[in-house]
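The values are calculated or read from the model by the stated rules, or taken from the named source; none is laboratory data. Just so it is clear, the structure is predicted and the values come from calculations on it, not from any experiment. Cβ coordinates were reconstructed from backbone atoms using ideal geometry, including for glycine residues, and neighbour counts include every protein chain displayed. Only protein heavy atoms, including side chains, enter the accessible area calculation; ligands, DNA and RNA are left aside. Shrake-Rupley method; radii C 1.70, N 1.55, O 1.52, S 1.80 Å.
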Amino acid sequence: MPHLAADLTAITATPLAEIPPSGIRAFAQKVDDIPSLIKLTLGEPDLNTPEHVKQAAVQSILDNDSHYSAQKGTPKLRRAISAYLKRKQNLSYDPETEVIVTVGATEAIACAMLALFQPGDEIIVPTPSYALYFPLIQFTKAKLVPINTAKTNFVLTPEALKDTLRQHPHAKAILLNYPTNPTGRECSSSVLAQLAPIIAENHLYVISDEIYGELTYGIKHTSIAHYLPERTLLINGLSKSHAMTGYRIGYIAGPANLISPIAKMHAFLVTAPSNPAQAAAAEALEHGDDDPAQARPIYQKRRDYLVKALNDLGLKTMTSEGAFYVFTQIPAEYGTDDEKFALDLARQAKVGGTPGSAFGPGGEGHVRFSYAASDADLHEAVNRIKNFLVTKDDNK
């Protein structure tokens, strides 16, 4: 037994033990067991995977497609990804050398960081941003360089990037996420065109997480890869666009010299994704352009309802341009203690939202609500929030 205890101590003393879990999941675990909780915490589409996509997965199983896939993904899916990016963004990628199919966009992000970053590398991240980025950067022993975008309406400006690079002239990469989780802000093509020469002049690589690119409202998504194809790793997937979170299919596209080491890391981590899931993803990309087009107005209607309802309750909420989140200022009496507000809301009103501080600098004093939930749940959530605020005011 003493030897076992020593072994366990050694295991828990690894670098991973020093890294906290994702703030999103950590908070969800605190409140998910609350009875009758309306969960607006996670980015989980409530829509079903399109029928033709499901049937492609079923057919793969019936065809006994049960052997190892090519490590970079099936040739059919890589060709479908290449064709999709050409059709949607006019970007050209060789499916053989410049595309990898991953186990969700999460694995794509992790592989890119593990393959390309070394201890001490400085990685610029506009914040607030997806909470997963922070522990992954810490795990690689790279250095996070956040740019707080709260004062610029949650969009990175050329001036802010220039100022950061003056202070960090040796930064190696910048991680962009548009449309952004948690704010839903999109970055316009005109702003991207201004950022691109700054990035190029400072020899930065770009990791561009575009998982919500199909879900924009009133603005067309443009990839930074359009301006910097030779420096950009474009990450995307099917989870959000086609309601396929459980299929775990993402992809990464970029120049061959960057894709090669990432492919090696990917092979070490997972060997290859599931064949039925890849068959479904190929079907979605080849014949499913109408699927996100049908989902978009559903999400937009929910967004419009939730933004107006929260603003009417005195919770300042901007209208997001993409994804399926609203980023809401918490009541003034809570100051910037968004965790206390979110916990009170969950325990007293039975409504789950994610504290904004989980998303890094600039997120403090906010809460993120996902509107990837049913209309009935959203209406009930608003009623509960209203009652919570009224009761709180009456008890002052």
Do we find that P126 is under 18 Å from the mean Cα position of the chain (by Cα) and modelled with pLDDT under 95 in this structure? no
Failed item in (1) open to solvent by less than 10 Å² (accessible area, probe 1.4 Å); (2) within 27 Å of A295 (Cα to Cα); (3) outside any helix (DSSP H, G or I); (4) in contact with a helix residue (DSSP H, G or I) (Cβ under 6 Å, 6 or more places away or on another chain), with L192 passing the rest: (3)
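Specify the residue that is modelled with the highest pLDDT; the eligible residues are those in the stretch 8-27 that are within 19 Å of the chain's Cα centre (by Cα) and open to solvent by less than 70 Å² (accessible area, probe 1.4 Å).
In this case the residue turns out to be F27.
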Options I147, I100, I109; residue that is more than 15 Å from the chain's Cα centre (by Cα), under 22 Å from G250 (Cα atoms) and not in a loop (DSSP other than H, G, I, E, B): I100
All positions within the stretch 159-176 that are under 28 Å from V326 (Cβ atoms) and surrounded by 15 or more Cβ atoms within 10 Å (Cβ to Cβ): A160, L161, T164, I174, L175, L176
Which numbered condition K392 fails, given (1) of a type in the set (D, E, K, R); (2) open to solvent by less than 50 Å² (accessible area, probe 1.4 Å); (3) under 22 Å from D32 (Cβ atoms): (3)
Kindly list the number of the only condition in (1) farther than 19 Å from R368 by Cβ; (2) at pLDDT below 95; (3) buried (at least 21 other Cβ atoms within 10 Å of the Cβ) that fails for A131. (1)
Among the residues of the stretch 229-248, count how many are more than 20 Å from Q294 (Cβ to Cβ) and either in contact with a strand residue (DSSP E or B) (Cβ under 6 Å, 6 or more places away or on another chain) or among the acidic types (D, E) (or both). 6
Hits in the stretch 311-360 - residues which are under 18 Å from the mean Cα position of the chain (by Cα) and charged (D, E, K, R): E321
The condition from (1) at negative phi; (2) in contact (Cβ under 8 Å) with a residue 60 or more places away in the chain; (3) in a loop (DSSP other than H, G, I, E, B); (4) open to solvent by 40 Å² or more (accessible area, probe 1.4 Å) that P119 misses is numbered (2)
Sort out which residues of the stretch 338-388 are in contact (Cβ under 8 Å) with a residue 60 or more places away in the chain, in a helix (DSSP H, G or I) and touching a Pro at 6+ places or on another chain (Cβ under 7 Å), and write them in order of number. E339, A342, G356, F359
If K54 passes every condition in (1) part of a helix (DSSP H, G or I); (2) in contact with a Gly (Cβ under 9 Å, 6 or more places away or on another chain); (3) not small (G, A, S) but one, which one does it miss? (2)
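Is at least one residue of the stretch 73-80 in contact with a His (Cβ under 9 Å, 6 or more places away or on another chain) and part of a loop (DSSP other than H, G, I, E, B)?
For the stretch 73-80, residues in contact with a His (Cβ under 9 Å, 6 or more places away or on another chain) and part of a loop (DSSP other than H, G, I, E, B): absent.
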